[in-house]
Amino acid sequence: VNVGERQILSSISFVLRSGEIHAIAGPNGSGKTSLALSIAGHPAYEVSTGDIRWNGESILNKKPHERARLGVHWVGQNVPAFDGVGLLNVARSAISARGTPPDVFHLRSELVAALARMGLGEDFLLRALHGDSSGGEKKKIELALVAVLKPKLLILDEIDAGLDAAGIATAAELITEWSAGAAVLVISHSEPFIERLA
């Protein structure tokens, strides 16, 4: 994988299967996030040699939103805020983009339940997405969003960073549950967090 003229990743080969959790740990600057962004299709990351295959077919020519429609979901380290856009609208748009618009009332109930599981109130549905949220709250909101989107490949880049002890425990529980129907790739500096997923 190259960024501009610089090669940043080489000699990487692995398979992610539904029902499995894979974890990557390593020092800062070792390429963990670069790998995640490459899989998600970030345009700055060019796969110069090799391939990324989804169910046997190359997705190298697919844009990030096209990969997302296939079920690839990436949660990054730094979650941006979106003024004027609410969590319910983001979830509804993401599900509609897959071809089947959701029942909004059912989706709202699912989101409220997912937020509650993360220790967050219903009022987070009314706020601009991540607008007035702390770092830990942003991660919890992202986990609630994952719960309703149900991706097929879930890439979590330092999802545990900024979470309190209860949030880390719940995140580990959720990731383990989700892995029953998805392939999960977790990037973390925390060995105890990774051990919770084993």
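Here, each number is a calculation from the coordinates, and none is a lab measurement. Treat the numbers as computed from the prediction; the structure is a model and nothing was measured. As a convention, Cβ positions derive from the backbone with ideal geometry for all residues, glycine included, and neighbour counts pool all protein chains shown.
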### Task
Using only Cα atoms, tell me the angle between helix 165-178 and the longest principal axis of the chain; keep it within 0 to 90° and round to the nearest 10.
70
### Task
Please sort 110-122, 144-156, 90-102 by packing, taking for each peptide the average over its residues of neighbouring beta carbons within 10 angstrom, highest first.
144-156, 110-122, 90-102
### Summary
Averaged over all viewing directions, the convex hull of the alpha carbons in the chain casts a projected area in nm² of 11.3
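At a threshold of 8 angstrom on Cα-Cα distance, excluding pairs fewer than six apart, so keeping six or more, what relative contact order does the chain reach in percent?
Values: 291 pairs, mean separation 59.6, N = 198.
30 percent.
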### Task
On a 0 to 90° scale, report how tilted helix 135-149 is relative to the longest principal axis of the chain, with both axes built from alpha carbons and the result rounded to the nearest 10.
90
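Rounded to a whole number, what is D in µm²/s for region 1-104 from Stokes-Einstein with the Kirkwood radius over alpha-carbon pairs (4 °C, 1.567 mPa s)? Show your work: numbers first, answer last.
On the way: Rh = 15.8 Å.
Estimated diffusion coefficient is 82 µm²/s.
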### Message
As I understand it, the value is the acute angle between the Cα axis of helix 104-117 and the longest principal axis of the Cα atoms of the chain; what does it come to in degrees, rounded to 10?
### Response
80
### Query
Over what distance in Å are the Cα centres of region 24-45 and region 120-184 separated?
20
